[in-house]
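Asker: Structure below; questions to follow.
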Amino acid sequence: MKVLVIGGGAREHALCRSLSQDPAVTELHCAPGNAGIAQVATVHPVDQLDGAQVAALAGRLGAALVVVGPEAPLVAGVADAVRAAGVPVFGPSAAAAELEGSKAFAKDVMAAAGVPTARSYVCTTAAEAAEALDAFGAPYVVKDDGLAAGKGVVVTSDREAALAHAAGCERVVIEEYLDGPEVSLFAITDGTTVVPLQPAQDFKRALDGDEGPNTGGMGAYSPLPWAPAGLVEEVMETVLQPTVDELRRRGTEFSGLLYAGLALTSRGTRVIEFNARFGDPETQVVLARLRTPLAGVLLASATGSLDQLEPLRWDEGAAVTVVVASEGYPDAPRTGDPIEGLAEAEADGTAFVLHAGTKADEDGRVLSAGGRVLSVTATGTDLAEARERAYAAVDRISLKGGQHRTDIALKAATA
């Protein structure tokens with residue numbers, strides 16, 4: 001099977017790494033890729049938001065499967081263009097990807113499907129935003145209705161800051177604050193059958209102790225030893241299957257990766273948000289634990305045959321990812337600095353490095369090229385061992401001004 005992955009971040013590197021280990025994959029391509037992905041796949045220049053370009057590339061390569069990684073190409077309709085060209089594609093249509101592309105649309109779907117979520121208001125004016133903030137009170141939760149690369153949500157007790165964020169968005173969803181720990185649960189679906197993956201938890205704030213600004217994610221771990229028994233089954237029954245069924249009822253079949261961001265509140269499990277693709281950095285730890293070859297699972301989703309899939313197999317150990325970010329991230333990330341120690345980080349075979357914002361220069365050096373630069377991932381028999389290995393690998397990497405959190409999975413590993 002020839003597979004083409006679209007995207008160029010650590011999520012796509014994680015996907016490419018798993019696909020490269022699948023014996024069914026005879027050729028692996030990625031567009032546009034990055035310096036790390038180039039070590040496991042043939043990379044190609046492409047405008048990943050241009051469906052015609054992506055479909056043409058898939059045709060030239062003779063791809064049997066296209067995997068669309070990021071949200072922006074999905075919302076732009078890239079999966080539709082590839083499907084129209086007759087190539088199986090893992091990823092929802094533009095219409096179905098509105099589940100992530102518009103938080104107001106997601107709220108409407110959840111209401112129709114009876115999915116438990118936070119009460120909310122959709123606001124388009126400053127007066128509406130102020131009224132909604134006062135209705136719910138602090139802490140305030142203000143979400144840009146559209147895509148914002150993981151940075152469109154502000155949670156604050158500062159009313160002026162909440163109003164300022166709302167003013168900077170064309171349309172916002174303001175909702176009640178949900179207490180309790182957060183869980184990310186991915187599910188693969190073909191529009192009818194839903195197959196859940198293993199839960200993970202990520203860390204959105206930039207600094208230790210969940211301080212600092214929101215980011216795209218500074219680390220993740222799986223499994224969640226503190227999660228209640230039966231959580232996956234409950235979410236399947238109350239969230240994932242009803243959402244997929246409602247979209248199919250509307251004629252907007254969702255095929256691909258449905259990501260439920262959940263809060264385990266004092267009043268029960270509630271959906272914080274939906275995403276229409278694998279999450280980053282949770283994908284890094286979830287795929288590190290998946291033992292079932294990945295290509296066949298994604299192809300079953302793309303071809304409507306998930307009901308024929310064998311149950312997924314999982315490593316019973318743990319995985320931890322620590323994100324190394326550039327100086328100034330998330331506000332003004334510095335780029336262009338050389339990264340040293342990558343081979344040393346992987347030398348003992350207990351950890352591996354997934355590239356996010358990197359590029360290779362003409363001398364073959366790996367340089368930083370984004371805010372989140374690397375996802376350093378390790379596995380172990382338990383969270384404590386995986387965490388120790390991940391941080392040992394991080395310590396071997398040198399990036400001028402590089403930053404990372406030191407408390408990823410700490411509470412769970414020491415509980």
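Asker: Only residues in the range 106-123 that are over 13 Å from Phe136 (Cα atoms) count as the first member; pair them with residues that are part of a strand (DSSP E or B) and open to solvent by 60 Å² or more (accessible area, probe 1.4 Å), Cβ under 8 angstrom, at least 6 apart or cross-chain, and list the lot.
Answerer: Lys107/Val122
Okay, residues lined up against (1) surrounded by fewer than 16 Cβ atoms within 10 Å (Cβ to Cβ); (2) part of a strand (DSSP E or B); (3) among the hydroxyl-bearing types (Ser, Thr, Tyr); (4) on the phi < 0 side of the Ramachandran plot:
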| position | (1), (2), (3), (4) |
| --- | --- |
| Gly217 | no, no, no, no |
| Tyr221 | no, yes, yes, yes |
| Ala227 | no, no, no, yes |
| Asp245 | yes, no, no, yes |
| Gly261 | no, yes, no, yes |
| Leu299 | no, no, no, yes |
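Asker: Taking into account only those residues within the range 301-345 that are assigned to a helix (DSSP H, G or I) and among the hydrophobic types (A, V, I, L, M, F, W, C), which is nearest to Ala84 (Cα to Cα)?
Answerer: Taking the candidates together, the pick is Ala302.
Asker: Under 8 Å between Cβ atoms, which residue pairs at least 6 apart in sequence (or on different chains) link something in the range 1-25 that is surrounded by fewer than 24 Cβ atoms within 10 Å (Cβ to Cβ) and hydroxyl-bearing (Ser, Thr, Tyr) with a partner that is modelled with pLDDT of 95 or more and outside any helix (DSSP H, G or I)?
Answerer: Partner pairs satisfying both residue conditions: Ser18/Leu290; Ser20/Leu28; Ser20/Val40; Ser20/Ala41.
Asker: When you scan the range 184-200, how many residues do you find that are of a type in the set (S, T, N, Q) and open to solvent by 30 Å² or more (accessible area, probe 1.4 Å)?
Answerer: Adding up the residues that qualify gives 3.
Asker: When you go through (1) at negative phi; (2) open to solvent by 40 Å² or more (accessible area, probe 1.4 Å) one by one for Arg405, which number turns out not to apply?
Answerer: Of the numbered conditions (1) at negative phi; (2) open to solvent by 40 Å² or more (accessible area, probe 1.4 Å), the odd one out for Arg405 is (2).
Asker: I've got another one for you. Leu410 - would you say it is among the aliphatic types (A, V, I, L, M), closer than 24 Å to Leu287 by Cα and open to solvent by 20 Å² or more (accessible area, probe 1.4 Å)?
Answerer: Working: among the aliphatic types (A, V, I, L, M): yes; closer than 24 Å to Leu287 by Cα: yes; open to solvent by 20 Å² or more (accessible area, probe 1.4 Å): yes.
Yes: the conditions hold for Leu410.
Asker: Taking interchain pairs and intrachain pairs at least six residues apart, which have beta carbon atoms under 8 angstrom, with the first residue in the range 34-46 and over 14 Å from Gly69 (Cβ atoms) and the second open to solvent by 30 Å² or more (accessible area, probe 1.4 Å) and basic (Lys, Arg)?
Answerer: Partner pairs satisfying both residue conditions: Ala35/Lys359; Val40/Arg17.
Asker: Also, quick follow-up: Scan the range 161-177 for residues that are open to solvent by less than 20 Å² (accessible area, probe 1.4 Å) and either touching a residue at least 60 places away in the same chain (Cβ under 8 Å) or more than 29 Å from Gly256 (Cα to Cα) (or both) and report the count.
Answerer: Residues flagged as open to solvent by less than 20 Å² (accessible area, probe 1.4 Å) and either touching a residue at least 60 places away in the same chain (Cβ under 8 Å) or more than 29 Å from Gly256 (Cα to Cα) (or both) within the range 161-177 amount to 3.
Asker: Filter the range 301-326 for residues that are surrounded by 17 or more Cβ atoms within 10 Å (Cβ to Cβ) and more than 20 Å from the chain's Cα centre (by Cα) and give the result.
Answerer: Here is the first cut: in the range 301-326, the residues surrounded by 17 or more Cβ atoms within 10 Å (Cβ to Cβ) are 301-302, 306, 309, 318-326.
The answer is Leu306, Leu309.
Asker: Among the charged types (D, E, K, R) and closer than 15 Å to Ser184 by Cβ: is that true of Arg277 in this structure? Steps first, answer last, please.
Answerer: Working: among the charged types (D, E, K, R): yes; closer than 15 Å to Ser184 by Cβ: yes.
Considered against the rule, which asks whether it is among the charged types (D, E, K, R) and closer than 15 Å to Ser184 by Cβ, Arg277 comes out as yes.
Asker: Spot the failing condition for Ile272; the list is (1) within 16 Å of the chain's Cα centre (by Cα); (2) farther than 18 Å from Arg11 by Cα; (3) in a loop (DSSP other than H, G, I, E, B); (4) among the hydrophobic types (A, V, I, L, M, F, W, C), and only one is missed.
Answerer: Every listed condition holds for Ile272 apart from (3).
Asker: Looking at the range 363-388 only, could you name the residues that are open to solvent by 60 Å² or more (accessible area, probe 1.4 Å) and touching a strand residue (DSSP E or B) at 6+ places or on another chain (Cβ under 7 Å)?
Answerer: Arg365, Asp382, listed by residue number.
Asker: Turning to a different aspect of this structure: In the range 21-42, is there at least one residue being part of a helix (DSSP H, G or I) and among the hydroxyl-bearing types (Ser, Thr, Tyr)? Working first, answer last.
Answerer: Step one: of the range 21-42, the residues part of a helix (DSSP H, G or I) are 37-39.
Cutting the leftovers down to among the hydroxyl-bearing types (Ser, Thr, Tyr) gives us none.
Within the range 21-42, not a single residue is part of a helix (DSSP H, G or I) and among the hydroxyl-bearing types (Ser, Thr, Tyr).
Asker: For the range 263-274, how many residues are touching a residue at least 12 places away in the same chain (Cβ under 8 Å) and open to solvent by 10 Å² or more (accessible area, probe 1.4 Å)?
Answerer: Kept after step one, since they are touching a residue at least 12 places away in the same chain (Cβ under 8 Å), are these residues of the range 263-274: 263-266, 268-274.
This time we only want the ones that are open to solvent by 10 Å² or more (accessible area, probe 1.4 Å), so: 264-266, 268-270, 272-273.
Here the count works out to 8.
The values are calculated or read from the model by the stated rules, or taken from the named source; none is laboratory data. In this text the structure is predicted, and so the values were computed from the model without any measurement. Here the Cβ is made from the backbone with ideal geometry for all residues, glycine too, and neighbour counts use every protein chain on show. Just so you know, the surface numbers come from the protein's heavy atoms only, side chains and all, with ligands and any DNA or RNA stripped out. Shrake-Rupley method; radii C 1.70, N 1.55, O 1.52, S 1.80 Å.
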